[in-house]
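To start, the structure under review is shown below, and the notes come after it.
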Amino acid sequence: MNKKSHPIANVIGILVSLIWLLPVYWMVNSALQSESELMSWPPHLVPEHFTWQNFATAFYNENFLGALRSSLLAASLTVIFAGSFSLLAALALSRFAFAGRRYVIVAILVVQMIPAEALFISQYKMLNVWGLLNSVVGLTILYIGAIVPFITWMMRGFVDGIPVELEEAAKVDGCSSIGAFTRVTLPLLAPGIVATSVFGFLFAWNEYTLALIVLSKDASVTLPIWLQSFQQGLKATDWGAVMAGATLIALPVIIIFVLIQNKISQGMVAGAVKG
């Protein structure tokens, strides 16, 4: 039986949503204003004269396409490799009772407690020895190492939510262990795989500090580092271009969420349900 939502709860939900959307609206609103209008007081809630000049400045910046390529490559590789490693690790932790299993689970939690800043020097020296500084591959290795523990923990919840009896029934019907996994478990894990993949993509797409340390050449920087190029040291910052660049960076994330929002909702719910 469906319960009717309370009007006050609806009003509170709408107000909270508006608060969350305000920074996004202000970013787009600022990107569509001229410099003089953007710096005027009081600020304009709606542009008086729409302009696309800020978007043109950002899009036709000499380093934009290179930064876009680096971000897409780093995010894609992170999703593919971190997702694969985490899926296999989650299956091992959920389905097999091996010696030291509990210690591995505890180790995953402990690794997540280590501050990222504590690893910067060792990570830099490691990539320097391997010759992977100013390389998207080197940056991706760090991203994979940083995100695998967390999404392994997430994926383990999704695997635990699928009854092992389904795989056993498939084996009785003649499937091998791999066949039972690929035909039964893997399709049911689709929402969880999507949810963890989106998390990995967002981490790699928006990450700033590791990219700032590893990448120093303009030809190899990612989008968050590229956005900093509109700040000219002690000179004035081109805030219109900054807001336009931030909007361009946010667009792929918004598109992804619109396309797969149903899978994400299913994944978030499935991880908390055990059949």
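The values are calculated or read from the model by the stated rules, or taken from the named source; none is laboratory data. Here the structure is a predicted model, which is why all the values come from computation and not from measurement. For neighbour counting, all protein chains shown are included, and Cβ atoms are generated from backbone atoms with ideal geometry for every residue, glycine included. To get the accessible areas, we keep the full protein, side chains included, count just its heavy atoms, and leave off ligands, DNA and RNA. Shrake-Rupley method; radii C 1.70, N 1.55, O 1.52, S 1.80 Å.
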Please report, in debye to the nearest 20, how large the charge dipole of the stretch 62-272 is about its Cα centre when each Lys and Arg carries +1 at its beta carbon and each Asp and Glu carries -1 there. 240
Provide Y124, Y60 ordered by accessible surface of protein heavy atoms (probe 1.4 Å), highest first. Y60, Y124
Probe 1.4 Å, heavy atoms of protein chains only: per residue, the accessible area of the stretch 1-50 in Å² is 87
Among P224, V111, L77, whose Cα lies farthest out toward the positive end of the dipole of the chain, if unit charges sit on the beta carbon of Lys, Arg (+1) and Asp, Glu (-1)? V111
Based on the Cβ-Cβ distance of L45 and L65, what FRET efficiency does E = 1/(1 + (r/R0)^6) give at R0 = 45 Å, to the nearest 0.05? 0.85
Expressed in square angstrom to the nearest 10, the accessible area of F59 with a 1.4 Å probe stands at 100
Leading residue at positive end of dipole, the chain (Cβ point charges), from P149, S177, G66: S177
Return the Cα extents of the stretch 64-217 along principal axes one, two and three, sorted largest first, each rounded to a whole Å. 57, 36, 23
Could you tell me the accessible area of M113 in Å² (1.4 Å probe, neighbours in place), rounded to the nearest ten? 140
Rounded to the nearest whole number, the per residue volume of the convex hull around the C-alpha atoms of the stretch 7-151 in Å³ is 229
Would you mind computing, in nm to one decimal, how far apart the modelled labels at I80 and V164 are, each placed 7 Å from Cα along Cα→Cβ? 3.3
About the Cα centre of the stretch 1-111, what is the dipole size in debye to 20, counting +1 per Lys and Arg Cβ and -1 per Asp and Glu Cβ, all else neutral? 1040
Full-extension gain in nm, I255 to V129, via 0.36 nm per residue minus C-alpha separation: 41.5 nm
Can you work out the FRET efficiency for the pair Q228 and L15, with r the C-beta to C-beta distance and R0 = 41 Å, to the nearest 0.05? 0.75
Helix-only [θ] at 222 nm, the chain, -39500 (n - 2.57) per DSSP H run of 4+, per residue, nearest 500, equals -22500 deg cm²/dmol
Net charge within 14 Å of T51 by Cβ-Cβ distance, Lys/Arg positive one each and Asp/Glu negative one each, not counting T51 itself? -4
For H6, H49, the accessible-area ranking with a 1.4 Å probe, largest leading, is H49, H6
Using 5 Å bins from zero, what percent of all Cα-Cα pairs in the chain falls into each bin? 1, 5, 9, 12, 13, 13, 13, 11, 9, 6, 4, 2, 1, 0, 0
Would you work out what percent of the accessible area of the chain, with all protein chains in place, is carbon or sulfur (probe 1.4 Å)? 69
Running Debye on the stretch 1-86 with equal point scatterers at the Cα sites and no solvent, what base-10 log of I(q)/I(0) appears at q = 0.14 Å⁻¹? -0.82
Say R0 is 30 Å: what FRET efficiency, to the nearest 0.05, do E35 and S122 get from their beta-carbon distance? 0.10
Which part of the stretch 157-178 falls in the paramagnetic zone of L88, meaning amide N under 20 Å from the point 7 Å along Cα-to-beta-carbon? 157-160, 176-178
At 1.4 Å probe size, put L215, L251, L132 in order of accessible surface, largest to smallest. L251, L132, L215
Which one, L139, L259, L186, has the greatest fluctuation when you compute a Gaussian network model over the chain with C-alpha springs under 10 angstrom? L259
